[in-house]
Amino acid sequence: MLRDIIQIDEAACTGCGDCVTSCPEGAIQVIDGKARLISDLMCDGLGACIGHCPEGAITIERREAEPYDERRVMVNIVKAGTNTIRAHLRHLREHNESDYLRQALDYLREHNIPEPGEEPVAPAHGGCPGARQQSFARETAAAGQLAGSRPSQLQQWPIQMHLLSPTAPHFQGSDLLLAADCVAFSLGDFHQDYLAGKTLAIACPKLDEGQEAYVAKLRSLIDDARINTLTVMIMQVPCCRGLLRLAQLAAEQATRKVPIKVIVVGLKGEILQDEWL
């Protein structure tokens, strides 16, 4: 039958696994370092995975495909446990898929499986490298090495992308630093070495909602505030690349052209990349 179904750009995929954990139906797996659709039958074509891909490698296409099989999906979902059942039912409700939802609930009733409540349950682990817990050994600073207060280099407030206004006077002709939320916590000298002399905007490309507004604000900062340069600082984790992609999309849509620099920070605070694009 002709229907909507996901398509994965293998060249763009980095194998981060974000799409795997965001697909309650289990239609995607990382195989040989690339995300792959393992069965047409298990993809409902609603695209829950799209917004979780930091590389924009997943799109929806309309093509000949086997019909989506809710009952077959439920077999795998029940095996995965209560959290997965809850996520799948929530997914169907959010997309108003009443027919699929009815089939799913019928399957639970037929197998004497109670419908789980909607209380949020934090996942024990995820496929995204950026969510993996890690600890780093640090050398203790010598006495006096950190003596004295260091002044903040922050020039304005607010700094979160949803809250800032591109028309604020401090952005006019400024050098803008767009930083992922985690960057400042990873760099001991973030203020002095990277923030000094710049205006600041922060965002999380993995967790923030309504990121289409970010593109519009960045475009306005380029065209209306006429920022001088745009520096994008991100962490090395794959999901963080989404922030650079938002900046590049805004630059493509803007009528003015501004130089863009990308700085990639390692999880231990080392600079892995520092270059103009």
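The values are calculated or read from the model by the stated rules, or taken from the named source; none is laboratory data. Here the structure is a predicted model, which means the values were calculated and not measured. Here the Cβ is made from the backbone with ideal geometry for all residues, glycine too, and neighbour counts use every protein chain on show.
Cβ contacts < 9 Å: first residue in the same structural domain as Lys261 (by TED's automatic domain parsing) and aromatic (Phe, Trp, Tyr), restricted to segment 195-214; second residue modelled with pLDDT of 90 or more and part of a helix (DSSP H, G or I), any location; separation 6+ or different chain. Result?
Close Cβ pairs satisfying both conditions: Tyr214/Leu243; Tyr214/Leu246; Tyr214/Ala247; Tyr214/Ala250.
Checking Ser98 against (1) of a type in the set (Ser, Thr, Tyr); (2) in contact with a helix residue (DSSP H, G or I) (Cβ under 6 Å, 6 or more places away or on another chain); (3) without any contact (Cβ under 8 Å) to a residue 24 or more places away in the chain: exactly one of these is not met. Which one?
Of the numbered conditions (1) of a type in the set (Ser, Thr, Tyr); (2) in contact with a helix residue (DSSP H, G or I) (Cβ under 6 Å, 6 or more places away or on another chain); (3) without any contact (Cβ under 8 Å) to a residue 24 or more places away in the chain, the odd one out for Ser98 is (2).
Take the conditions assigned to a strand (DSSP E or B) and touching a residue at least 12 places away in the same chain (Cβ under 8 Å) and apply them to Ile222. Does it pass? Walk me through how you get there before you give the answer.
Values: assigned to a strand (DSSP E or B): no; touching a residue at least 12 places away in the same chain (Cβ under 8 Å): yes.
Criteria not met by Ile222.
Go through Asp44, Asp4, Asp18 for me and flag whichever is among the acidic types (Asp, Glu) and modelled with pLDDT under 85. Working first, answer last.
Numbers: Asp44 fails: modelled with pLDDT under 85; Asp4 fails: modelled with pLDDT under 85.
Step by step, each of Asp44, Asp4, Asp18 is checked, and only Asp18 is among the acidic types (Asp, Glu) and modelled with pLDDT under 85.
So which of Gln145, Gln160 is at pLDDT 85 or above and not assigned by TED's automatic domain parsing to the domain that holds Ala225? Working first, answer last.
Details: Gln145 fails: at pLDDT 85 or above.
After ruling out the rest, the residue left standing is Gln160.
Identify all residues within segment 172-219 that are assigned to a loop (DSSP other than H, G, I, E, B), at pLDDT 90 or above and within 23 Å of Gly266 (Cβ to Cβ); write none if there are none.
Asp181, Cys182, Leu187, Ala196, Lys198, Cys204
Out of the residues in segment 46-80 meeting the condition of being closer than 18 Å to Tyr100 by Cα and among the charged types (D, E, K, R), tell me which one is surrounded by the most Cβ atoms within 10 Å (Cβ to Cβ).
Glu70
Restricting to segment 100-137, name every residue that is acidic (Asp, Glu) and either over 19 Å from Asn76 (Cβ atoms) or modelled with pLDDT under 55 (or both).
Residues of segment 100-137 that are acidic (Asp, Glu), as a first pass: 106, 110, 115, 118-119.
If the condition is that a residue be acidic (Asp, Glu) and either over 19 Å from Asn76 (Cβ atoms) or modelled with pLDDT under 55 (or both), then Glu118, Glu119 are the ones that fit.
Six or more apart or on different chains, Cβ atoms under 6 Å: show the pairs whose first residue is in segment 12-41 and touching a residue at least 60 places away in the same chain (Cβ under 8 Å) and whose second is outside any strand (DSSP E or B) and among the acidic types (Asp, Glu).
The qualifying pairs are Thr14/Glu55.
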